[in-house]
Each structure stands twice: as structure tokens, then as C-alpha cells.
Amino acid sequence: MEIPLAFYQSLRLDDNKSRSRDSSYSNPNVFNFPRFSGYDFSLRRRRWKNPFAKITCSSLVQGLKPKPKLKPEPIREIDQGPKDPVLHDTQISKSAVAICSQIEKLVLCNRLREAFELFEVLEIQGSLRIGISTYDALVEACIRLKSIRCVKRVHGYMLSNGFEPEQFMMNRILMMHVKCRMIRDARRLFDEMPERNLFSYNSIISGFVNFGNYLEAFQLFKMMWEELSDSETHTFAVMLRASAGLGSIEVGKQLHVCALKLGVVDNTFVSCGLIDMYSKCGDVEDARCVFDDMPEKTTVAWNNIIAGYALHGYSEEALRLLYDMRDSSTSLDQFTLSILIRISTRLAKVELTKQAHARLIRSGFESEIVANTALVDFYSKWGRVDTARYVFDKLPRKNIISWNALMGGYANHGRGADAVNLFEKMLAANVGPNHVTFLAVLSACAYSGLSERGWEIFLSMSEVHGIKPRAMHYACMIEILGRDGLLDEAIAFIRRAPLKPTVNMWAALLNACRMHGNLELGRVVAEKLYGMEPEKLGNYVVMYNVYNSMGKTAEAAGVLDTLESKGLRMMPACTWVEVGDQTHSFLSGYKCDSYNEAVKRQIYHKVDELMKEISEYGYSVAENKNLLSDVDVNEEQGVVRYHSEKLAIAYGLVNTPEWNPLQITQNHRICKECHKVVEFISLITGREIVVRDASRFHHFKEGKCSCGGYW
């Protein structure tokens with residue numbers, strides 16, 4: 001019986017314990033026990049007089065030789081006359097068999113780089129024909145590595161050696177190109193295939209959908225119907241993703257009808273795809289009908305319908321569905337918790353987010369990037385940027401969204417230096433910035449007055465990183481110029497910009513005119529904004545404040561007349577404060593009707609008490625003439641003393657512990673009078689007060705605000 005040569009070739013790479021064991025008998029050093037000189041062991045009161053060092057192997061004493069190694073016998077070739085030239089050409093050499101065997105083993109053990117190092121031997125020798133199993137192993141290695149270079153090497157070797165794959169192998173080669181994002185080469189291979197089946201179509205269609213080329217995916221789907229007159233559940237799930245990507249509900253409904261006719265609509269993948277498609281196309285009601293008709297609701301189905309409601313602003317309904325999901329004993333995964341955190345961000349549910357954070361840790365998702373990035377975003381947006389940094393630092397792997405979320409948090413909280421340091425740390429970690437990154441860091445420089453650093457980063461966008469600045473980046477630079485009082489330079493910058501000025505650019509300049517009291521330029525900018533956004537209330541109110549602060553009562557009255565002629569009405573100013581797990585809202589003036597008389601007396605008494613104390617510290621109300629931004633102008637008379645933010649702060653001071661920072665949220669930009677009041681309150685009470693207005697966060701501590709008096 002002849003033993004294959006491949007067996008001995010494998011012995012050279014693998015650790016053969018049997019060989020080492022056999023050969024060890026001939027080596028006395030193997031029995032290298034420690035010497036126990038003078039140390040006796042007792043057993044049944046008998047003592048061993050000879051130490052272990054004197055023990056020798058019996059095979060050496062008897063003169064026995066080690067077991068001889070087996071040698072492969074030469075392969076005998078039977079002389080059967082002249083060889084067939086075809087058989088001679090296709091005969092695989094012994095070395096090729098050994099190399100192919102080792103390549104397959106290395107791929108099986110996930111040692112992919114070593115497999116391609118060995119494959120290089122075949123490439124150097126050239127014209128060695130290898131088996132289909134080795135080709136399949138190399139294709140698998142390319143898919144795992146996602147290396148375009150390796151794909152070209154393997155496919156080039158196949159072509160140069162005249163390999164003619166069958167349909168199975170052709171489908172594998174097609175999938176290799178798709179998985180490695182060589183979609184155009186994959187389409188060329190697909191068109192050249194002599195025979196195609198469902199697997200071929202599914203591979204190429206999935207590739208185009210993943211690339212976002214939905215129209216070509218639908219063309220291929222149509223070809224599949226014409227050629228095969230068949231489909232499967234996976235195909236429908238992929239095409240529903242394409243419909244959602246196109247935002248075409250009509251195409252999605254046609255797919256729904258096809259799934260009903262083929263009887264696959266009850267399949268979990270198809271149902272989840274339908275829910276996702278209807279949700280993303282804006283038809284939440286149909287998505288809910290599909291969800292309700294599902295015989296068995298999976299975690300993915302719950303996630304899709306909840307995300308659909310949250311996507312279209314139905315946050316309360318989404319939260320109710322989350323509670324139903326919990327009560328149905330369906331397991332919550334990291335995506336469920338990330339959706340919960342996003343809903344909490346909209347509803348300002350701090351306590352609910354803390355519960356979701358705790359659930360993430362208990363479930364072992366503490367290092368999961370999607371949910372924890374949502375946590376960073378929530379804590380950044382709701383006044384807990386230090387907690388956001390803690391979650392960010394705990395992430396073992398960070399993507400660009402994580403960096404941008406924390407950087408944007410630093411910007412909104414007026415911590416420009418921290419944002420710039422984080423930006424530099426991101427560059428040091430070789431993470432490429434995008435336009436959102438630059439928006440965050442430039443906003444941070446604008447909010448914190450870091451003019452010089454802001455200009456350096458702005459210029460590096462195109463010169464270093466090759467990113468063309470957009471209108472929002474130009475708006476940040478206009479705000480930097482406006483903060484420094486360089487209004488003429490800001491106008492020149494707008495005129496030199498290589499794009500058409502946008503609303504945000506003019507709005508940044510109008511705000512600078514308001515802060516610096518430049519009435520003439522403010523009037524010109526306001527006219528620009530009136531023409532671009534005639535229905536936006538904020539532009540009119542900012543201009544009203546400019547006229548009012550300059551004593552131009554006739555012009556201010558003209559703005560009010562314009563508002564009335566356009567039928568525009570402003571929302572009343574409202575402020576919220578969260579105490580425990582309850583959110584309390586307040587309107588300006590004497591509008592605390594939702595509270596009983598005792599609580600109302602307590603709130604107004606506390607406001608009067610605070611106003612009296614800060615007056616003793618030098619506060620004077622006479623200097624403030626500005627009105628609230630974006631609120632009803634009729635509130636100016638008689639309600640200045642009881643603005644909504646003052647009432648919310650008074651209620652919070654009474655009902656929260658002294659060591660906790662107090663946070664309030666309002667639907668308008670804080671006025672100058674209230675801004676000065678909150679600065680004094682933070683000084684006399686020693687409390688840190690965080691105000692989130694329509695513009696940004698204001699951190700008041702020891703009589704100072706993070707905005708530096710510019711907002």
C-alpha cells in the first residue's frame with residue numbers, strides 16, 4: 001500500500017507529537033528531572049535509597065535503538081506504452097499537491113495571510129493547474145479579507161491557467177467580487193455567465209442595493225423575473241430595501257402584491273422588510289397593519305415599527321410600543337436600546353435614558369458602538385457633556401459619528417478648547433474628518449471666541465483635507481467675525497464666498513448686528529432675510545429687538561404691523577424643568593394655572609425673594625430693553641418680572657437638592673434681562689444652572705456664563 005506524499009508534507013508544517021515522542025527515547029536529556037539529593041520519600045515505611053538522578057532509561061541499558069522513521073516509497077509508474085499528451089498536460093505535480101493542501105488548511109484555520117504567501121509560490125512557478133477545492137479556499141480567503149488586490153491575484157491566476165469553473169464556482173467568484181465591493185467587475189462577470197440561477201441574481205442584486213444603486217437593482221430584478229419566473233424570500237427582502245432607499249411607496253406596494261401572490265408575505269424577513277419600507281416611505285399606518293398581521297413578532301419587527309414611529313415624530317406612540325415590547329417578553333437588543341435613547345433625546349427623558357444606560361451595561365452592550373454613540377449624543381444634548389465624555393472614553397472602537405457627537409456637544413456647551421483638543425486627538429488617531437466634523441469644531445470656535453484657531457481649521461479644510469467648505473461652514477466664520485465686531489469684514493466675506501449666500505449666513509450677520517447695535521446694517525440684512533424667508537418669525541422679532549433697543553419705536557411698530565399683515569402669530573414663551581421623573585412647564589406672567597394656590601404662592605414668593613437678593617448685589621432692570629426672541633410681543637408689558645425661565649428656576653431651586661445642577665429648557669432664545677438675572681442667581685445661591693434655549697446651552701456658574709455674553 002502506497003502512502004500519499006501529501007501526508008508527509010503535512011508533517012513538516014504541523015506539530016507532530018508522535019514523532020517527537022518516538023525520537024525522545026534516544027535522548028537521555030528528555031528525562032531531565034530535578035535532582036533531589038539528600039531527599040528521601042517514604043511509602044509504607046520503606047525508604048528509597050537511590051535518588052531520582054540515577055534513574056536511566058531501560059532502552060538505553062538494553063541497547064535498543066529508536067523506532068525507525070517511515071520513508072515514503074517512490075511512486076511507481078506503470079509503463080503502459082506511450083503517454084497520452086492530454087493526460088500528461090493535466091497531471092498535477094507533487095509539489096503543487098502539497099502546496100494546495102497547505103493553502104486549504106491555512107484558510108480553514110483562518111490564517112489567511114499565510115495562505116496567500118503560500119499561493120505566491122504557485123504564482124511564481126506559473127501554469128500549475130490546481131483543484132477546485134483550492135480555488136474555493138482562495139475565494140473564501142478573499143471574501144474574509146475583503147482585499148481587492150487578492151481578488152485580482154486569484155482571478156488572474158484562474159484566467160491565466162485556463163480554469164473553466166462550473167456554475168457553483170462561478171457563483172462563488174461572483175460573490176467574491178460583490179463582497180469585496182468590486183461591483184462593476186461583478187456586473188461584467190454576471191453578464192458573461194453562460195447560465196445564471198437564483199443565487200447569481202441574489203448576489204448581484206444585493207451588491208447593487210448595498211452600493212445604493214437601486215435603479216440598476218430593479219432592472220436586474222426584472223431580468224430575473226423574465227428569465228427564471230421565480231424568486232425567494234431573500235430577494236423580496238433585498239428589493240424592499242431598495243424601495244425604501246428610493247422612497248418609492250408605489251414600487252414597494254407592487255412588491256407587496258407579488259409577495260402575497262407567492263405566499264411569502266408571512267415570512268419574517270419579508271414582513272420586517274415591508275414594515276421598514278412603509279415606515280421609511282412615510283406610511284406608518286400600513287407599516288402598523290403589516291406588524292399587527294405578523295403571526296410571530298420578532299425583535300427586528302418591533303425595532304422596525306418603533307423606529308418608524310420615532311422617525312416621523314410620533315415619539316409618544318413609539319415609547320408606548322416600547323413598553324408593549326417589554327411586556328410581551330420579547331428580548332431587547334442593542335438596537336432597541338439605541339432607539340429608546342433617541343426617543344428620550346426628543347422627549348428630554350433623562351431618567352428614562354439612565355435606565356436604558358443601565359440596561360446596556362447589564363446586557364453586556366457597554367462596548368456596542370451604535371447604542372453608546374446614541375448615549376453620547378443624548379448626554380451632549382441635555383447638559384451632561386462630562387458624562388458623554390465618560391461613555392465616549394469607554395468605547396473600545398469609535399467611528400466618525402462618535403467623534404462628531406461629542407465634538408458637537410462641546411460646541412453647544414461653549415467648551416471650544418475641549419472641542420479643538422478632541423479634533424486634534426481625532427486627527428492623531430488617523431480618523432478622517434468629514435463636513436459634520438468641521439461644522440462642529442468651527443461652531444465651537446465661534447461660540448467660544450477662538451477666532452485664530454477657527455481660521456486655521458477653516459483654511460485646512462480644503463488645503464489639507466480636501467473638503468470643500470459648505471454654506472454652514474461659511475456661516476460659522478461669519479459668526480466668528482461678528483463676535484469680534486468685524487461687521488464690514490463679514491459683509492466682504494459673504495460677497496467673496498464662492499457660493500450663493502444662504503439664510504444661515506445672513507442670520508449670523510443679523511445676530512451680530514443685534515449684539516453690537518448696528519441699526520443700519522441690521523436693517524439691510526433683515527430685508528435680505530425677509531425676501532428669503534418671509535414666513536420665519538425669528539427674523540422679524542430679532543429686527544424688532546434691534547429697533548426697540550435703539551429707541552426706534554416707530555420702526556419697531558412697523559415690524560409689528562408687517563407681522564399682523566402676514567397673519568403671523570408667535571408662540572408664547574415656555575420653559576420646562578424636570579424634577580424627579582416629572583416635567584413641569586411654565587408660561588410667562590401669571591399663568592401657572594396647572595398648579596394649586598399654595599404652589600403658585602411659593603413660586604412667586606421665591607422669584608420675589610431672588611429678585612430682592614440680586615438687587616442687593618448690584619442688579620438693575622432699567623438697562624434692559626430687549627424682548628424675548630421668537631415669542632409674543634404682548635408679553636412685554638407686565639411680565640418681565642415673571643418671565644417663564646425665572647418661574648422654572650424658582651420651582652427647581654425649591655424642589656431639588658442643593659448639590660444637584662439645575663437644568664431648564666425653553667422654546668426661545670433667552671433675553672438679556674433674564675440672562676443677567678440667572679448670572680446673579682448662580683452667584684448668590686452657589687448652584688450651577690444650565691439653560692438650554694433655542695440657540696445653545698448656557699452654563700451659569702459663580703456669576704458667569706459659558707457663552708461669554710454673546711448668543
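FYI, it's all coordinate maths here, none of it is from the lab. All of these numbers come straight from a predicted model, not from anything done at the bench. Don't worry about glycine lacking a Cβ; one is built from the backbone with ideal geometry, like all the others, and counts go over all protein chains shown.
Results, tabulated for the structure shown:
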{"quantity": "Cubic angstrom per residue, convex hull over Cα atoms of region 220-263", "calculated": "66"}
{"quantity": "Estimated FRET transfer efficiency when R0 is 51 angstrom, pair ASP293-THR562 (beta carbons, to 0.05)", "calculated": "0.45"}
{"quantity": "Loop-located trypsin sites (Lys or Arg not before Pro) in region 334-407, at most 14 other Cβ atoms within 10 Å (DSSP)", "calculated": "ARG397"}
{"quantity": "Separation of the VAL257 and ARG149 label points, Cα + 7 Å toward Cβ, nm", "calculated": "5.2"}
{"quantity": "Within-15-Å neighbourhood charge of ALA471 [Cβ basis; K, R +1; D, E -1]", "calculated": "+4"}
{"quantity": "Segment GLU555-GLU533, extension gain: residue separation times 0.36 nm, minus the distance between their alpha carbons", "calculated": "5.9 nm"}
{"quantity": "Contact order relative to length of region 470-569, as percent, for alpha carbon pairs under 8 angstrom and 6 or more apart", "calculated": "22"}
{"quantity": "Distance between modelled label sites at ASN504 and MET193, nm, 7 Å Cα→Cβ extension", "calculated": "4.5"}
{"quantity": "Calculated FRET value between ILE684 and SER329, using beta carbons and R₀ = 51 Å, to 0.05", "calculated": "0.45"}
{"quantity": "Local net charge near THR502, Cβ-Cβ under 12 Å (Lys/Arg +1, Asp/Glu -1)", "calculated": "+2"}
{"quantity": "Prolate/oblate/rounded label for region 410-564 (Cα gyration tensor, a/c 1.5)", "calculated": "prolate"}
{"quantity": "Nearest-0.05 FRET efficiency for TYR617 and VAL579, computed from C-beta distance (R0 22 Å)", "calculated": "0.25"}
{"quantity": "Of LYS468/LYS536; LYS280/LYS354; LYS394/LYS425; LYS468/LYS500; LYS381/LYS672; LYS394/LYS468, those spanning more than 21 Å from alpha-carbon to alpha-carbon", "calculated": "LYS468/LYS536; LYS280/LYS354; LYS381/LYS672; LYS394/LYS468"}
{"quantity": "Where labels lie 7 Å past Cα in the beta-carbon direction, separation of ASN596 and VAL654 in nm", "calculated": "1.3"}
{"quantity": "Burial ranking of peptide ranges 233-241, 694-702 (average Cβ count within 10 Å, highest at the top)", "calculated": "233-241, 694-702"}
{"quantity": "Relative packing of peptides 654-667, 399-412 - highest average C-beta neighbours within 10 Å first", "calculated": "399-412, 654-667"}
{"quantity": "5 angstrom amide H check on VAL579, placed H, neighbours 5+ away", "calculated": "HIS584"}
{"quantity": "Packing-based exposure ordering (other Cβ within 10 Å, fewest first) of ASP327, ASP377, ASP581", "calculated": "ASP327, ASP581, ASP377"}
{"quantity": "Value of D in µm² per second that Stokes-Einstein yields for region 168-311, Kirkwood Rh from Cα pairs, at 20 °C (1.002 mPa s)", "calculated": "137"}
{"quantity": "Cα convex hull of region 272-315, projected area averaged across orientations, nm²", "calculated": "2.6"}
{"quantity": "Local net charge near LEU240, Cβ-Cβ under 12 Å (Lys/Arg +1, Asp/Glu -1)", "calculated": "+2"}
